[in-house]
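Just below is one structure, and these are the notes that go with it.
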Amino acid sequence: MPLEGMELFGLIGNPVGHSLSSPMHEAAYDELGLDARYLTFEPEPAALSTAISGADALGIRGLNVTIPFKQDVLALESVAADELARRIGAVNTIDLTGEEITGHNTDAIGALRALRDHDVTLEGATAVVVGAGGAGRAIAFGLADAGATVQIANRTESKAHKLADVVPNATGHGLDSVAGLLADADILVNATSVGMETDRSPVSADALHSELAVMDAVYRPLETRLLREAAATGATTVDGAWMLLYQGVEAFELWTGERPPVAVMNEALRSRL
Ligand code: ATR
């Protein structure tokens, strides 16, 4: 057990750098009067399994997982990954509170909550997901499970087809198809890194329109070029901090069983972006 009465949570990655999850979770502990801390851990890749078993033995209650470990955790025998995490192929949340160590993926549900929070209807919608990396996989599965038809477009087209083969109701495309696909789409999600700390957009501004809800997984800057151009057409926009917020909200609830103070977590996150 950690310090008497105090509960420990954390983020495991390498490098973890400056984590926004720490202030977001700690603001929630303060708000609810929980005696808890959220720390960052940077084990060597070869020590991943030992690190997780060690965390469990020391009484750490939960871990978020980031690059490069999200896929690696799935391969560990000590972690029982749930079905969604296995389908997505990545674990971003480890629950150490029970008898068994379990692995989950809250990125998918986080993306859906971010959209629903902005009154975006997912059931029966047509969604274009640009990107077929880790973020694209989670978002594509989430949207498909919520009842959307998913068009996956990726720079490396073969990766889009490979992902579309395993996501229900999905089709793969190259980036040159995006403009055409958007004409009939309700939702556009950027799940590439394009726009991160640069004023670039993965989608031509001409293809955007007012009937779209546009979400960007990039949160630095909060207003990416894509979101700026989408807002100019009258489209609904959802910035990347919403996804980050709701994946954390879901993890918080899983670990503590408490109702997450979403507004407080949102404020803690946005004040640091
Ligand atoms: P993440 O876990 O954040 O999704 P990732 O798995 O490395 O990161 O995936 C990055 C995604 O951004 C991929 O879809 C990548 O396209 P490729 O599969 O063709 O590499 C996409 N991406 C990165 N840079 C890009 C660029 N300049 N133009 C278009 N797509 C880009």
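The values are calculated or read from the model by the stated rules, or taken from the named source; none is laboratory data. Quantities reported herein were computed from a predicted structural model and do not represent experimental measurements. Every residue, glycine among them, receives a Cβ derived from its backbone with ideal geometry; neighbour counts consider all protein chains shown. Accessible surface is based on the protein model in full, side chains and every heavy atom, while ligands, DNA and RNA are left aside. Shrake-Rupley method; radii C 1.70, N 1.55, O 1.52, S 1.80 Å.
Is it true that Asp107 is more than 14 Å from the ligand (Cβ to nearest atom), farther than 22 Å from Ser177 by Cα and among the acidic types (Asp, Glu)?
So Asp107 fails the test.
Table: residues versus (1) closer than 18 Å to Val262 by Cα; (2) in a helix (DSSP H, G or I); (3) among the acidic types (Asp, Glu).
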position	(1), (2), (3)
Gly5	no, no, no
Gly10	no, no, no
Pro15	no, no, no
Met24	yes, yes, no
Tyr29	yes, yes, no
Tyr38	yes, no, no
Ala47	no, yes, no
Ala51	no, yes, no
Phe69	no, no, no
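Could you tell me which of the residues Ala135, Ala140, Ala108, Ala114 is open to solvent by 10 Å² or more (accessible area, probe 1.4 Å) and among the aliphatic types (A, V, I, L, M)?
The match here is Ala135.
Go through segment 129-158 and count every residue that is within 14 Å of the ligand (Cβ to nearest atom), over 18 Å from Asn92 (Cβ atoms) and assigned to a loop (DSSP other than H, G, I, E, B).
2
Conditions tested, residue by residue: (1) open to solvent by less than 30 Å² (accessible area, probe 1.4 Å); (2) within 21 Å of the chain's Cα centre (by Cα).
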position: Ser21; (1), (2): yes, yes
position: Ala28; (1), (2): yes, yes
position: Arg37; (1), (2): no, no
position: Leu74; (1), (2): no, yes
position: Glu83; (1), (2): no, yes
position: Glu99; (1), (2): no, no
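Can you go through Gly89, Gly62 and tell me which one is in contact (Cβ under 8 Å) with a residue 60 or more places away in the chain and under 22 Å from the mean Cα position of the chain (by Cα)?
Gly62
Select from segment 159-200 the residues that are within 12 Å of the ligand (Cβ to nearest atom), assigned to a loop (DSSP other than H, G, I, E, B), within 23 Å of Ile88 (Cα to Cα) and open to solvent by less than 20 Å² (accessible area, probe 1.4 Å) and list them in ascending order.
Matches in segment 159-200: Ala191 only.
Going through segment 51-72 one residue at a time, which ones are within 16 Å of the ligand (Cβ to nearest atom) and open to solvent by 10 Å² or more (accessible area, probe 1.4 Å)?
Thr66, Ile67, Pro68, Lys70, Gln71, Asp72
How do the pairs read when you match residues in segment 204-226 that are open to solvent by 30 Å² or more (accessible area, probe 1.4 Å) with residues anywhere that are in a loop (DSSP other than H, G, I, E, B) and of a type in the set (Asp, Glu), using Cβ under 6 Å and keeping only pairs 6 or more apart or on different chains?
From residues that are open to solvent by 30 Å² or more (accessible area, probe 1.4 Å), the pairs are Arg220/Glu197; Leu222/Asp239; Arg225/Asp199.
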